[in-house]
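Enquirer: Starting off with a structure, shown below.
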């Protein structure tokens with residue numbers, strides 16, 4: 001349930017961020033569930049037809065996962 005909440009919150013935040021400023025953005029969210037607190041931080045930027053993003057998730061047990069991606073025209 002917490003994972004679904006974080007995913008929905010993250011997607012909604014990215015949608016608003018894309019409309020507000022396509023050059024650079026930073027967003028974060030925290031959710032507390034029955035197993036503890038999880039935190040998500042995402043950053044991204046676009047320049048010269050290429051966009052990059054980095055997302056770091058820290059789970060209730062302290063495990064951290066980072067994903068990065070780039071897309072170009």
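The values are calculated or read from the model by the stated rules, or taken from the named source; none is laboratory data. Bear in mind that the values here come from a model prediction, so they are computed numbers and not experimental data. Please note: Cβ atoms are built from the backbone with ideal geometry, for glycine as well, and neighbour counts cover all protein chains shown.
Enquirer: Have a look at 13, 43, 2 and point out the one that is modelled with pLDDT of 95 or more and either more than 13 Å from the chain's Cα centre (by Cα) or surrounded by 12 or more Cβ atoms within 10 Å (Cβ to Cβ) (or both).
Expert: Being modelled with pLDDT of 95 or more and either more than 13 Å from the chain's Cα centre (by Cα) or surrounded by 12 or more Cβ atoms within 10 Å (Cβ to Cβ) (or both) holds for just one of 13, 43, 2, which is 43.
Enquirer: Taking the stated definitions as given, is residue 32 out of contact with any strand residue (DSSP E or B) (no Cβ under 6 Å at 6 or more places or on another chain) and assigned to a strand (DSSP E or B)?
Expert: Answer is yes for this residue.
Enquirer: Within segment 35-57, can you find the residues that are closer than 14 Å to residue 71 by Cα and assigned to a loop (DSSP other than H, G, I, E, B)?
Expert: Correct list: 48, 49.
Enquirer: Starting from segment 62-73, keep only residues that are outside any strand (DSSP E or B), then list their pairs with residues that are surrounded by fewer than 10 Cβ atoms within 10 Å (Cβ to Cβ) and modelled with pLDDT under 95 whose Cβ atoms are within a distance under 6 Å, requiring at least 6 positions of separation or different chains.
Expert: Note: pairs meeting the criteria are 73/49.
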